[in-house]
Amino acid sequence: MSASVRLTNLHKRYGELEVLRGIDLEIPAGQTVSVIGPSGSGKSTLLRLLMTLERPSAGGIEIDGESMWTLSDGKPAPAAHVRRVRGKIGMVFQHFNLFPHMTALGNVIEAPRRVAGLSQQDAVERGREYLEMVGLGDKLEAYPGQLSGGQKQRVGIARALAMRPEIMLFDEVTSALDPELVGGILQIMRDLSAKRTMTMIIVTHQMKFAERCSDRTLFFDAGRIVEDADSATLFAHPRQERTRQFLQAVIEAE
Amino acid sequence: MNTVFDWAYALEILPTLGRALVITVQATLLGMLLAITLGLALAMARRAPWRLLSYPVAFVVEFVRSTPLLVQMYFLFYVLPGAGFRLSPLTTGILALGIHYAAYCAEVYRAGIESVPRGQLEAARALNLSPWRTAVDIVLPQAIPPVVPALGNYLVAMFKDTPLLSAITVVELLQQSKIIGSTTFRYTEPLTLVGVLFLVLSLAAAWGVRRLEHGLQRYGRRA
């Protein structure tokens, strides 16, 4: 099951600094969307707002037609409402953010146990299933400190998947990895996307991945969506001069 | 008669001092138990999102830290009975030690909690863990091991503060030695023994804390 996302005139300010300057965006359920753009353009902030790690300064977030921060009568939503809506969303972080005092399996079963309310046995079964899926069936009892960066990120993905989110957010998940470990993580994401069971929003600097493995790509600059097109079109025929400049600079660097 | 240190006399009073030492150790251990539990509760309350709770708790912690233990001890000893709480002097003393050191422990816990990286809280939020679960399963297991040495120092400090109990009529180690001295007019042996006993137990406690610290470092390295 997957959910749709709708953002209306979304703003985020930190004091004087305006990081998002009015984002309007609709993502249908099941779509895989890449978000590219220079650093500081607001890509990660967009994901942080979706995950409710931050509150929008203005504007609205709707998940499957349900507003995140307000009730249907326009009143501010209570914490329980935010929590319920947030439960549809999962996130994988650039720096993994694994719990260092828990094993790989412990990391993955924590939320199924404590949030979904599964029995220990069911949670372990589910945790094992997802760790095997990301190729870590032999590392269940390893602590994060004993894993390589690539393995840590696999645990991070399994941990988010174990809550069976309808929307998955990937925040530069390969940026902290050694180059030879990037491919394996991208392969997992490609497989997930092909299943069409979740809506996926991927902030990435991997242009080839965005071009080939996502349905649609957004180019962010200075807190706005500068260009929004299906991935093949955006990379082959960017309409905006700013997009062209960015892609050219990135491709030259590669 | 006037030898500098009479070993036979010292040996004779040792059992009496030993019984008083039991009171001292008891007060320390129970006081510390109160301090580390109440301290944790205070630290969490001070970080609670409700100002109605966090502000008064912050005030209490600062107040207790900024006033002398002896004054607090007298206050509990003379004021509590008037308020209808009839406690033994020893219980009153343990309460005073526990509350006083709880305020210090709360600050230690707070430092530990604040040292847990933000990313840990964000991961917990992304997994939709409740604030309570986040505290118990994610934050505290990472916040407490690094501050155990600091808590251990307060254990030793509290142990050395127990002679203050004599001010509220508890016959602990120092008071016992003064009683012995006043009946025999020999103070050298009892007071020397008090010093030696404090030294030995302080060193033992410090050694124990270091062992614990070492064990926790191994626990930490797993990460």
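The values are calculated or read from the model by the stated rules, or taken from the named source; none is laboratory data. Note that the structure is a prediction, hence the values are computed from the model and not measured. Neighbour counts are summed over all protein chains in view; Cβ atoms, including those assigned to glycine, are modelled from backbone coordinates with ideal geometry.
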In region B:1-51, which residues are among the polar types (S, T, N, Q) and farther than 30 Å from B:PRO190 by Cα? B:THR37
Within region A:188-215, can you find the residues that are polar (S, T, N, Q) and either under 29 Å from A:ARG83 (Cα atoms) or modelled with pLDDT of 95 or more (or both)? A:SER193, A:THR197, A:THR199, A:THR204, A:SER214
Considering only residues that are part of a helix (DSSP H, G or I) and crowded, with 16+ Cβ neighbours inside 10 Å, which ones fall in region A:191-241? A:LEU192, A:SER193, A:MET207, A:PHE209, A:ALA210, A:GLU211, A:CYS213, A:SER231, A:LEU234, A:PHE235
Could you go through region B:39-46 and let me know if any residue there is assigned to a helix (DSSP H, G or I), of a type outside the set (Lys, Arg), within 14 Å of chain A (Cβ to nearest Cβ) and crowded, with 19+ Cβ neighbours inside 10 Å. no
Given the residues A:GLY37, A:GLY59, which is the only one that is within 18 Å of the chain's Cα centre (by Cα) and buried (at least 17 other Cβ atoms within 10 Å of the Cβ)? A:GLY37
Answer residue from region A:45-89, given it is more than 14 Å from every other protein chain (Cβ to nearest Cβ) and polar (S, T, N, Q) and is nearest to A:GLU172 (Cα to Cα) among those: A:SER57
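Per-residue answers, yes or no, for (1) surrounded by 14 or more Cβ atoms within 10 Å (Cβ to Cβ); (2) basic (Lys, Arg); (3) within 14 Å of chain A (Cβ to nearest Cβ); (4) more than 27 Å from B:THR169 (Cα to Cα):
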position	(1), (2), (3), (4)
B:SER66	no, no, no, no
B:GLY112	yes, no, yes, yes
B:GLY119	yes, no, yes, yes
B:TRP132	no, no, yes, yes
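State which residue is nearest to the other protein chains (Cβ to nearest Cβ) when the search covers only region A:96-124 and only residues that are among the polar types (S, T, N, Q) and without any contact (Cβ under 8 Å) to a residue 12 or more places away in the chain.
Once the filter is applied, the top-ranked residue is A:GLN120.
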Looking only at region B:155-175, filter to residues that are within 13 Å of B:PHE198 (Cβ to Cβ) and touching a Pro at 6+ places or on another chain (Cβ under 9 Å); which one of those is surrounded by the most Cβ atoms within 10 Å (Cβ to Cβ)? B:LEU173
Any chance region A:166-175 includes a residue that's among the polar types (S, T, N, Q) and touching a residue at least 60 places away in the same chain (Cβ under 8 Å)? yes
It is to be established whether one or more residues within region A:125-143 are under 26 Å from A:ILE63 (Cβ atoms), more than 11 Å from chain B (Cβ to nearest Cβ) and in a loop (DSSP other than H, G, I, E, B). yes
Count of region A:56-104 residues which are in a loop (DSSP other than H, G, I, E, B) and at negative phi: 21
Taking region A:1-40 and the residues there that are hydroxyl-bearing (Ser, Thr, Tyr) and touching a residue at least 24 places away in the same chain (Cβ under 8 Å), the one that is nearest to A:ASP221 (Cα to Cα) would be A:SER34
